[in-house]
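S.K.: Quick one: the structure is below, questions incoming.
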Amino acid sequence: MNNSQRAAGGSIIPAVTRAQRLVRIQQSLNKLPSVPVVVTELLRALADDRSSVSDIEKYFRSDVALATKLLKLANSAFFSFPDPINSISHAAAILGYNTMRSLALSAWASELLSRELKPYGYGKGGLWKHSLGAAFLARALGHRWKMGAETAEELFVGGLLHDVGKLPLAQHSEEAFLLAPASADSALEILVREREYFGTDHAEIGVEMAKNWRLSPALADVILHHHDPDPEAEGASQAAVVHIADWCCNTRLVGMVDYRLPSAKPNATCMEILRMPELDLDLLLEESDPIIEQAGKVESAIQ
Ligand SMILES: [Fe+2]
Ligand SMILES: [Fe+2]
């Protein structure tokens with residue numbers, strides 16, 4: 001690898017080494033916004049059946065911006081309820097606590113995921129669009145494949161945060177990474193290229209972020225394996241569904257401004273894990289299109 005580059009004036013600037021990049025990335029993880037206590041407590045309360053609606057309202061009262069965003073999401077065209085949802089208690093009654101959790105986390109993550117990620121081909125808001133598409137699609141697939149309502153909401157969160165590790169990596173990439181061979185022709189090649197350049201990849205960094213945010217170990221597992229699901233891992237089927245949802249969004253170029261050829265097929269291990277060897281990919285894409293389109297309406301509702 002070339003360890004130096006020429007500045008405009010002709011002088012040679014030593015390039016940052018992989019080890020230095022890794023140290024900088026690790027340091028930057030501590031500077032990323034943490035999940036505010038109110039959000040963590042709200043998520044915990046929404047996961048607890050014993051929480052009353054007035055308990056839930058109390059958390060939203062201390063974060064009005066979060067409540068406003070959640071109501072915008074609930075009123076977006078994705079859900080298309082006939083009457084507007086005007087209050088948190090109304091949202092709780094109509095959506096239920098599980099969906100409220102997904103939307104509360106989305107409301108918090110929207111700003112973070114809306115950053116521009118040029119090295120990965122996302123303009124401003126591109127990763128947010130991609131993440132929402134994967135989230136709503138993973139959730140829908142979870143329902144369609146009868147994985148249970150609770151798992152479907154876990155799939156939503158996995159879809160939403162699967163690529164979150166790209167944020168710190170994009171911040172620490174230079175021209176050499178931008179001009180990397182169009183690694184996206186295989187999702188696994190992105191990880192290989194990242195390891196070569198940063199000494200880590202976005203799946204590993206995503207796991208560290210999830211741990212820092214005290215998100216569940218199951219979610220960390222989904223993030224770690226979203227490119228290469230491991231049949232032995234605990235959340236294997238969730239990782240497989242998120243991988244398939246991610247593949248559909250990549251194939252449909254959701255959020256991308258500068259894209260290279262997507263993988264022709266999802267990782268075959270997913271179909272083994274889900275025991276669906278005959279999964280019809282053309283039909284899957286066709287059935288996914290309306291969900292991806294609806295997710296796009298959610299994205300514009302909150303911006
Ligand atoms: Fe990824
Ligand atoms: Fe992705």
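The values are calculated or read from the model by the stated rules, or taken from the named source; none is laboratory data. These numbers were taken from a predicted model, which means no experiment stands behind them. Positions of Cβ are backbone-derived with ideal geometry, glycine not excepted, and every protein chain shown enters the neighbour counts.
S.K.: Does residue 173 qualify as being modelled with pLDDT under 85, within 16 Å of ligand 2 (Cβ to nearest atom) and closer than 23 Å to residue 122 by Cα? Full working, then the answer.
M.R.: Details: modelled with pLDDT under 85: yes; within 16 Å of ligand 2 (Cβ to nearest atom): no; closer than 23 Å to residue 122 by Cα: yes.
Judged against the criteria, residue 173 is not a match.
S.K.: Something else now. Given the condition buried (at least 23 other Cβ atoms within 10 Å of the Cβ) and either within 16 Å of ligand 1 (Cβ to nearest atom) or within 23 Å of residue 200 (Cα to Cα) (or both), answer yes or no: does some residue in region 96-111 qualify?
M.R.: Checking region 96-111: not a single residue is buried (at least 23 other Cβ atoms within 10 Å of the Cβ) and either within 16 Å of ligand 1 (Cβ to nearest atom) or within 23 Å of residue 200 (Cα to Cα) (or both).
S.K.: With a cut-off of at least 1 residues that are farther than 19 Å from residue 153 by Cα and β-branched (Val, Ile, Thr), name the helices (runs of 4 or more DSSP H) lying wholly within region 193-279.
M.R.: It comes to 202-212, 236-251, 268-273.
S.K.: Checking residue 188 against (1) modelled with pLDDT of 90 or more; (2) within 12 Å of ligand 1 (Cβ to nearest atom); (3) out of contact with any Ser or Thr (no Cβ under 7 Å at 6 or more places or on another chain), which single condition isn't satisfied?
M.R.: Going through (1) modelled with pLDDT of 90 or more; (2) within 12 Å of ligand 1 (Cβ to nearest atom); (3) out of contact with any Ser or Thr (no Cβ under 7 Å at 6 or more places or on another chain) one by one, residue 188 breaks only (1).
S.K.: Please go through region 223-249 and give me each residue that is of a type in the set (A, V, I, L, M), away from ligand 2 (no atom under 12 Å from the Cβ) and touching a residue at least 24 places away in the same chain (Cβ under 8 Å), ordered by number.
M.R.: The first filter runs over region 223-249 and keeps only residues of a type in the set (A, V, I, L, M), leaving 223-224, 233, 236, 239-242, 244-245.
Next, only the ones that are away from ligand 2 (no atom under 12 Å from the Cβ) stay: 224, 233, 236, 239-241.
236, 239, 240, 241, listed by residue number.
S.K.: Let me ask another. Can you tell me how many residues within region 138-157 are assigned to a helix (DSSP H, G or I) and under 19 Å from residue 275 (Cα atoms)? First the steps, then the outcome.
M.R.: To start, the set of residues in region 138-157 that are assigned to a helix (DSSP H, G or I) comprises 138-144, 149-157.
Keeping just the survivors that are under 19 Å from residue 275 (Cα atoms) gives 138-144, 151-152, 155.
Count: 10.
S.K.: Now for a different question. Applying the selection to region 42-58, what residues are closer than 12 Å to residue 107 by Cβ and either outside the structural domain of residue 93 (by TED's automatic domain parsing) or touching an Asp or Glu at 6+ places or on another chain (Cβ under 9 Å) (or both)? Give the steps one after another, and end with the answer.
M.R.: Initial filter on region 42-58 (closer than 12 Å to residue 107 by Cβ): 42-43.
Matches in region 42-58: 42 only.
Matching residues to (1) surrounded by 14 or more Cβ atoms within 10 Å (Cβ to Cβ); (2) under 30 Å from residue 65 (Cα atoms); (3) in contact with a strand residue (DSSP E or B) (Cβ under 7 Å, 6 or more places away or on another chain):
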{"site": "224", "(1), (2), (3)": "yes, no, no"}
{"site": "230", "(1), (2), (3)": "yes, no, no"}
{"site": "247", "(1), (2), (3)": "yes, no, no"}
{"site": "253", "(1), (2), (3)": "no, no, no"}
{"site": "267", "(1), (2), (3)": "yes, no, no"}
{"site": "272", "(1), (2), (3)": "yes, no, no"}
{"site": "283", "(1), (2), (3)": "no, no, no"}
{"site": "291", "(1), (2), (3)": "yes, yes, no"}
{"site": "298", "(1), (2), (3)": "yes, yes, no"}
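S.K.: Filter region 21-75 down to the residues that are in a helix (DSSP H, G or I), surrounded by fewer than 17 Cβ atoms within 10 Å (Cβ to Cβ) and among the small types (Gly, Ala, Ser) and list them by number.
M.R.: 28, 54, 65
S.K.: Is there any pair with a first residue in region 150-168 that is within 16 Å of residue 228 (Cα to Cα) and without any contact (Cβ under 8 Å) to a residue 60 or more places away in the chain and a second that is within 12 Å of ligand 2 (Cβ to nearest atom) and in a helix (DSSP H, G or I) whose Cβ atoms are under 6 Å apart and which are 6 or more apart or on different chains, and what are they?
M.R.: 165/202; 165/206
S.K.: Name the residue that is farthest from residue 201 (Cα to Cα), counting only residues in region 145-167 that are within 11 Å of ligand 2 (Cβ to nearest atom) and among the aliphatic types (A, V, I, L, M).
M.R.: 160
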